[in-house]
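Read through the structure below, which is laid out as structure tokens, and then see the notes.
The values are calculated or read from the model by the stated rules, or taken from the named source; none is laboratory data. Just so it is clear, the structure is predicted and the values come from calculations on it, not from any experiment. Cβ sites come from the backbone with ideal geometry, for glycine too, and all protein chains shown count toward neighbours. The protein model used for the area step is the full one, side chains on, heavy atoms only, and it has no ligands, DNA or RNA in it. Shrake-Rupley method; radii C 1.70, N 1.55, O 1.52, S 1.80 Å.
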Amino acid sequence: MSTFQDLGLNEDLLRAITDLGFEKPSEVQAKAIPLLLEEDKDLVALAQTGTGKTAAFGFPMLQKIDVDSRTTQGLILSPTRELCLQITNELKLYGKYCKGLNVTAIYGGASISDQARSVKRGAQIIVATPGRMKDMISRNMVDISKIQYSVLDEADEMLNMGFKEDITDILSHTPDDKSTWLFSATMPREVASIAKNFMYDPIEITVGNKNESTNQVSHEYYLVNARDRYQALKRLSDANPEIFSVVFCRTKRDTQKVAENLIEDGYNAGALHGDLSQNQRDLVMKSFRNRQIQTLVATDVAARGIDVDNITHVIHYQLPDEPEIYTHRSGRTGRAGKTGISMAIVSKSEVRKIKSIERIIKKQFEKKEIPSGSDIVEVQLMALANKIHTTEINHEIDKHLESINELFADTEKDELIKKFFSVEFNRFFNYYQKSKDLGVVQSRDSDRDGGRDYGRSSNDTRYFINIGSKDGFDWMKMKDFLKEQLELGRDDVFKVDVKDSFSFFNTENELKEKILAFFTDFKHNGRFVNVEVSENRGGGSRGGRSGGRGRGGNDRRSGGGSRRRDDKPRGDRRSSDRGDRRSNDSRGDRRSSGSGNRSDRRRSDDNRSDRRSSDRRSESNGSGSDRPRRSRRRD
Ligand code: ADP
Ligand code: MG
């Protein structure tokens, strides 16, 4: 395979590449960079999001322009302000050793005269959104008559957004003999016609199959009643304690509403859509990038091309109308060699869309059940246990240890552990313990009215195992691993559910002894692997619908950038968790959706005006003491 040196890049760029930690060129870079460096040709490159297109055009452009000149030589058009800024920042990083380089971003919503001034200072490269660019051309604020290189980035999206005329107009102000490089994830007819009309005998390169989504992403769908969408979203989040996600909605209104509801329910969420001011959008993106926001709720347009590392899940609150858009959405995760999960929440009427998406992405969706309350309770408890287990001790505590010890002098270790966990854990337990399941009822299910499906009713056993995606597993790898280690048959392991630092799986009851015996003394990568029987059957049982409230906290009303409760210093966090649930509930009673009188509870969580339900969640049985049975202990 080629290296960046092989591609013909100069020393300044190679140094920057080393600083960035890029080890080898991505496919689109390996194909495009030598071509573009060698001669001044037009190029059409089809590549998915996340394949490294910015560097594919950025490096050649940086190498070819003359940084000693103050003339604008390169113009990059991109569909949104966010992308525009992202590209500008990337180019500045790539060109950090190119002395005299000046890259300027031009986009709507910010001071046009500031931007004009920045251009005048001698911008060799302008990165622009079409609307603002056209505006500035007509006001003589930029001169692009000496452009040598123009890039149309995310061309399909620019055309989707109706920028065709603006682009045509802008290009008419550039010289005929410039080179044009067009980058696009898909090749609809409109893009082909731009290529035909504005480009001269372009070289075409394609990375991966056209319109195929990346391999790193697995696709799942969850069938729910349309009115349970929001509940389903919360459960998918709660079942993945380490989630860092983008939730896509179809309209600005839904986007805003879902984000607001999440924030009110105690999640660290933020909205990104076109009705927000530029300032608000910047703030949201900043908070998302540094992870103060854990769930970004966005419209397709606003989130296009956004490159944030390590997004674990893309959730489709509604499916898009165009299957292509699905590809763009799910491309937000599974980037840079990481795996990601794309989850679609669908109602019955949308199931057919899944089929057409499958045809386009040439991949199958896995149909899954929304996690049951008891699944979530277990996941959250074990995530907490894992977190405590791996937490480094803060020795600031030492000086208070004496008084703490005094207080707990008469408390047994077991009791102390239970109390300790209950502090954090009761809110999940109380919230979910009586919740119904969300799946769409299928008639053959006998337990559909069961609701509280705690015991194992069938012949399988569910296990907890303390390895997960952090250890390099996805569900398939976990299944293979168990099959190989235990010499099991193809279908012996099922309902594998891999979380960040631990997982669950099921087997028939007969295999229980064998499995537990095998893992009494087993190491993986030098670490003891611990397997325990879990209380749940797993896979989300079916039933009616759920009531229920998210994280149950009331202290998180500060809006967009609020931090997740988990990250809060303890003292702060406890204020809402401390014993007095009654007062919490009365402050937040609009969100309580109790276990009683279900018919009264019409869509209590979907419809905000309906939230004044007076019944309260039952608080009995809240100790959580019968949660996952710690069957054996290894020391
Ligand atoms: P695209 O425009 O195709 O969606 P980007 O250009 O935004 O992709 O790149 C996606 C991410 O991958 C960026 O964070 C970028 O810094 C990183 N990246 C690009 N090229 C490489 C490479 N060769 N090695 C490692 N990371 C890379
Ligand atoms: Mg890009």
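Annotations
- Each principal axis of the range 471-514 carries a Cα extent, and these read 28, 17, 15 Å when sorted largest first.
- With R₀ set to 60 Å, the beta-carbon distance separating K419 from D19 gives a calculated FRET efficiency near 0.75.
- In this simple spin-label model, placing a label point 7 Å from the Cα along the Cα-to-Cβ direction at both R70 and M476 gives a separation of 5.7 nm.
- The simple spin-label model puts a point 7 Å past each Cα toward its Cβ; for Q280 and L37 those points are separated by 4.6 nm.
- Bins of 10 Å from zero: percent of alpha-carbon pairs in the range 189-344: 10, 39, 32, 14, 5, 0
- Modelled FRET efficiency - R0 60 Å, E220 with N140, Cβ distances, 0.05 increments: 0.70
- 17 Å Cα-Cα reach of K355 towards lysines, excluding residues that sit fewer than 8 places from it in its own chain: K363, K367, K368
- Gained length - N89 relative to R250, 0.36 nm times residue gap less alpha-carbon distance: 55.1 nm
- Distance-filtered residues of the range 271-300 - backbone nitrogen under 12 Å, label point 7 angstrom along A110 Cα→Cβ: 278-279, 282-283
- Computed from label points 7 Å out along Cα-Cβ, the spacing between K164 and S2 is 3.4 nm.
- Counting only protein heavy atoms and a probe of 1.4 Å, the accessible surface of the range 219-321 is 42% carbon and sulfur.
- Net length available on complete extension from I393 to E27 is 127.3 nm, with 0.36 nm assigned per residue and the Cα-Cα distance removed.
- Carbon plus sulfur fraction of accessible area for the range 323-405, probe 1.4 Å, in percent: 57 percent
- Length gained on full extension, H173 to R189, computed as 0.36 nm times the residue gap minus the Cα-Cα distance: 3.3 nm.
- Working ranking of peptides 55-65, 460-470, 132-142 by packing, defined as the average number of other Cβ atoms within 10 Å per residue, highest first, is 55-65, 460-470, 132-142.
- Cleavage-rule hits (chymotrypsin sites (Phe, Trp or Tyr not before Pro)) in the range 255-352: DSSP loop, at most 11 neighbouring Cβ within 10 angstrom: none
- Hz values of 3J(HN,Hα) by residue in the range 146-157 - Karplus curve (6.51, -1.76, 1.60), Gly and Pro given as x: 10, 4, 9, 10, 10, 10, 10, 8, 6, 4, 4, 5
- Loop-resident sites, the range 484-538, for GluC sites (Glu not before Pro), counting at most 14 other Cβ within 10 Å (DSSP): E487
- Non-local Lys pairs in the range 123-281, i.e. 8 or more apart or on different chains, that have alpha carbons under 24 Å apart: 15
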